[in-house]
Amino acid sequence: MAHGITTCSVGESSGVERTCTNKHGIFEDSNDYRTLTDQYDVQKIWWEKPNCLYPFLIRVDNIPAGFALIATSPYCAKGIDYFVNDFFLLQPFRGKGIAEHSATQVFDKWKGNWELYTNPSERNITGQKFWRKTVSKYTKGKYEEEFGTTMDGYKLIFRFTNSNG
């Protein structure tokens with residue numbers, strides 16, 4: 001079930017990231033991935049590390065509508081407790097407050113220093129606006145936003161703390 005949504009996420013992000021498939025039609029940099037099963041094998045880590053990697057399925061009326069992948073140490077930058085590795089909502093569910101509600105639920109699950117980033121290009125204005133609005137509302141404007149180089153290239157980075165005190 002989650003594999004189908006993940007495939008949609010990768011395909012959709014290709015338009016923002018301007019990436020193409022490998023020679024086998026799989027959205028991966030390497031031609032070593034010949035099938036979707038090969039690609040899914042890479043994603044198994046999210047279910048194999050239950051104390052530091054947390055996959056969440058977003059459901060609407062009991063229908064899978066998206067997902068969030070949250071990482072903790074050692075899969076975060078130094079000083080970061082929680083990292084939004086991926087967040088996706090299928091197109092039919094967008095613009096209805098579902099993504100903001102889902103992100104807030106995830107943020108509320110743990111207290112600490114959070115980081116997320118998104119593509120800074122003009123092709124991703126919608127994603128940038130979503131995260132700016134969601135993080136600003138959640139933190140009541142108390143967050144950092146900057147452009148910078150990450151392990152995943154040049155990104156628009158959001159950081160905030162939701163700890164009490």
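The values are calculated or read from the model by the stated rules, or taken from the named source; none is laboratory data. Because the structure is predicted, anything quoted here is derived from the model rather than measured. Cβ atoms come from the backbone with ideal geometry, glycine included; neighbour counts cover every protein chain shown. Keep in mind that these areas ignore ligands, DNA and RNA; they rest on the heavy atoms of the full protein, side chains included. Shrake-Rupley method; radii C 1.70, N 1.55, O 1.52, S 1.80 Å.
Based on what the data block shows, is residue 148 at pLDDT below 95 and not β-branched (Val, Ile, Thr)? Against the criterion (at pLDDT below 95 and not β-branched (Val, Ile, Thr)), residue 148 does not qualify. Scanning segment 100-117 for residues that are free of Cβ contacts under 8 Å to residues at least 40 places away in the same chain and touching a helix residue (DSSP H, G or I) at 6+ places or on another chain (Cβ under 7 Å), we see that the one that is nearest to residue 148 (Cα to Cα) is 103.
Matching residues to (1) under 23 Å from residue 58 (Cα atoms); (2) surrounded by 12 or more Cβ atoms within 10 Å (Cβ to Cβ); (3) not small (Gly, Ala, Ser):
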position	(1), (2), (3)
93	yes, yes, yes
103	yes, yes, no
107	yes, yes, yes
115	yes, yes, yes
142	no, no, yes
148	no, no, no
152	no, no, yes
156	no, yes, yes
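Each row is one residue, and each column tells you yes or no for (1) outside any loop (DSSP other than H, G, I, E, B); (2) closer than 14 Å to residue 84 by Cα; (3) without any contact (Cβ under 8 Å) to a residue 40 or more places away in the chain.
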| position | (1), (2), (3) |
| --- | --- |
| 127 | yes, yes, no |
| 131 | yes, yes, yes |
| 134 | yes, yes, yes |
| 149 | yes, no, yes |
| 154 | yes, no, yes |
| 157 | yes, yes, no |
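Condition check for residue 87 on (1) surrounded by 19 or more Cβ atoms within 10 Å (Cβ to Cβ); (2) at pLDDT 95 or above; (3) assigned to a loop (DSSP other than H, G, I, E, B); (4) of a type outside the set (Val, Ile, Thr): one failure, at (3).
Inspection of segment 50-65 identifies at least one residue that is at pLDDT below 85 and open to solvent by 80 Å² or more (accessible area, probe 1.4 Å). Please go through segment 111-125 and pick out each residue that is in a loop (DSSP other than H, G, I, E, B), over 13 Å from the mean Cα position of the chain (by Cα) and over 14 Å from residue 82 (Cβ atoms). Matches in segment 111-125: 120, 121. Taking the numbered list (1) assigned to a strand (DSSP E or B); (2) in contact with a Ser or Thr (Cβ under 8 Å, 6 or more places away or on another chain) in turn, residue 59 passes all entries but (2). The criterion of being without any contact (Cβ under 8 Å) to a residue 60 or more places away in the chain and either more than 23 Å from residue 152 (Cβ to Cβ) or crowded, with 19+ Cβ neighbours inside 10 Å (or both) does not hold for residue 79.
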